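Working notes, structure below.
Rule-based calculations on the coordinates, nothing more; no lab input. Note that the coordinates shown come from a computational prediction; the quantities given were computed from them, not determined experimentally. For neighbour counting, all protein chains shown are included, and Cβ atoms are generated from backbone atoms with ideal geometry for every residue, glycine included.
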Amino acid sequence: MKKETRFKFNAYLTQLGKIYGVSAQAFSDTKVQIEPSAAQTLETNIQQSAEFLTHVNIVPVDEQVGEAIGLGIGSTIAGTTDTTAKERETSDPIKLTKNSYHCQKTNYDTHLDYAKIDMWAKFTDFQTRIRDTIIRRQALDRIMIGFNGTHRADNSDRKKYPLLQDVNSGWLQKVRERAPEHVMGSETKDGATTAQPILVGKGQAYQNLDALVQDTVDTAIDPEYQDDTGLVVICGRKLLADKYFPLVNKDQDNSEKLAADTIISQKRIGGLPAVRAPFFPDNAFFITRLDNLSIYFLADSRRRQVLDNPKRDRIENYESVNEDFVVEDFRGVALVENIVFEDVKEKLPETKKEGVASENEVVKDDKAVTEETPTENKKAK
């Protein structure tokens, strides 16, 4: 690391110390516990660094294990009471279905090579660049775990599970395990998920995605949520491309192009707004309110240590937090996966070849022979 870079990096550590209420040297000596107020500021920065996370809840909790806060719709509250006969009774507007959470430790360890830091030292926003790089990656990893996480391993393997499937159980896995009646296209038992493909195409039960989405709302989402105007269809880039590609993959005049652009810009599937999310599984979609998804983090669990490792020519940042991915109310969600686009193949009519008798004609001829045989035998006698 160059001398000028060293000065700027030390200033960066000093600034971190001011934020966390410790000396710059403390980051090298031990893991620093980040105070809840500073941790909340960091969580807000992480949330703001990824557009999708701005629509979900990131909630601090005081207990590592507990019941979800719940944002569900309860019973109706309007009513009348004859107070001369009985007392008025209140109703809970928020129905809390039993739904537990468990904030478990997740490591967000990173490093920056000396060469890269030397290059960044030329810019006036040196400290901001380091901060934003780490924060942005944490935000994207959270989204990746939320949609792809299936379990938590003692030692995660990034090569075997490139989508961080073994870091924590995400939102979709929680639905598979805890609300299987809200899942179409798969079955999960004892942690193992078996695909049950849903065919979409000409001649199938579902002619297109719009029909599948509308039927999913009617059959897999509880009545309390079916008319909720906050419902959206979360999906990936590929599924949207499968829906809209036929609109653009043809010669069109200007008016048709304008109409196609308008339809594509609205991004709706089955009458619901479509939300494209990064790292969402292909050939699947998830219907829910965005504020029905949460990330809980244990308020005083974030730890951080920054080490200068000359043996590897890099600065190492060790950071961890206890967190969990929570679906607030399973009644308002539906997961559809393993969608296969396939048209029913039409059977071609049989063509009769010249000089070849059909099966019916052959049968008639056989009958004729069997009927004539007795007559011929009588003549012979």
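Extension gain, GLU177 to TYR161, is 3.8 nm, computed as 0.36 nm per intervening residue step minus the present C-alpha separation. Computed over the Cα atoms of region 24-85, what is the ratio Rg over Rh, Rh following Kirkwood? Result for region 24-85 is an Rg/Rh of 1.29. Three principal axis extents describe the C-alpha atoms of region 97-149; from largest down they are 54, 18, 17 Å.
Loop-only GluC sites (Glu not before Pro) in region 30-87, please: DSSP not H, G, I, E or B, and at most 14 other Cβ atoms within 10 Å.
On the way: sites: GLU43, GLU51, GLU63, GLU67, GLU87; in loops: GLU51, GLU63, GLU87.
In loop regions of region 30-87 (DSSP not H, G, I, E or B), the sparsely surrounded GluC sites (Glu not before Pro) are GLU51, GLU63, GLU87.
What percentage of all Cα-Cα pairs in region 106-192 are separated by more than 18 Å? Could the numbers behind the result be given before it?
Working: 2105 of 3741 pairs.
Tail fraction, whole percent: 56.
All C-alpha pair distances within region 135-179, sorted into 10 Å bins from zero, spread as 32, 52, 16, 1 percent across the bins.
Peptides 278-284, 319-325 ranked from most to least packed, by the mean per-residue count of other Cβ atoms within 10 Å: 319-325, 278-284.
Look at where the Cα atoms of region 125-139 and of region 166-182 average out, and the two centres are 31 Å apart. Each Lys or Arg adds one and each Asp or Glu takes one away; over the other residues whose Cβ falls under 15 Å from the Cβ of SER186, this sums to -2.
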